[in-house]
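S.K.: This structure is in structure tokens; I'll ask about it shortly.
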Amino acid sequence: MKRFIRVLCMAACVPALGACYTYTVVPVTTATAGSGVRVRITGAEADRLGDVLGRDQDRVVEGDLVAPPNDGNLLLSLPSSTAQEDGSVTRTFQRVVVPRNAIVTFEVRRLDRWKTGGLAALAATVLGVVAVEAFTNEQTPPGSAKPNPNK
């Protein structure tokens, strides 16, 4: 039974890998400051951002919208990393301006209520099974024998 519980606990972790967020395509003008965003940009803009950030840049960037677009440009906070002399890496955020004409698609990160509810229900079920198993197992001290019900 203990093996079953371990397998069940591992299986319960799988949905967490899908996270509880989804990205939804929206018009740039509807985005609010502080929103998590994913922006697909042109190749020329990816090259420019690669130079600014100091790394090869894909055509998709994820970050936070710092300010709503007012002049057609977006101000984004993008994750970056800096190598230290001791070999460690420090995660930083860099603000960059992305011109409106360089945006191919614009997506906003939103909480998916169904995934979150399903994950919470699964976690509660697993915890319930573990709790029931823990409290219903008969623990016998070492060296003592279980009574024989046939005698």
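The values are calculated or read from the model by the stated rules, or taken from the named source; none is laboratory data. This is a predicted model, so every value here is computed, not measured. Quick note on the areas: whole protein, heavy atoms, side chains included, nothing else; ligands and nucleic acids left out. Shrake-Rupley method; radii C 1.70, N 1.55, O 1.52, S 1.80 Å.
S.K.: Could you work out what % of the accessible surface of region 26-89 is carbon and sulfur, using a 1.4 angstrom probe and leaving DNA, RNA and ligands out of the count? Could the numbers behind the result be given before it?
M.R.: Working: 1620 of 3620 Å².
C and S atoms contribute 45 percent here.
S.K.: For a test of the definition: using alpha carbon positions, the gyration tensor, and the 1.5 limit on a/c, classify region 26-109 as rounded, prolate or oblate.
M.R.: On the way: a/c = 2.39, a/b = 1.65, b/c = 1.44.
Since a/c reaches 1.5 and a/b is larger than b/c, the shape of region 26-109 is classed as prolate.
S.K.: Averaged per residue, what accessible surface does region 15-80 expose to a 1.4 Å probe, in Å²? The partial results should precede the final answer.
M.R.: Details: 3520 Å² over 66 residues.
Counting only protein heavy atoms, the per-residue value for region 15-80 is 53 Å².
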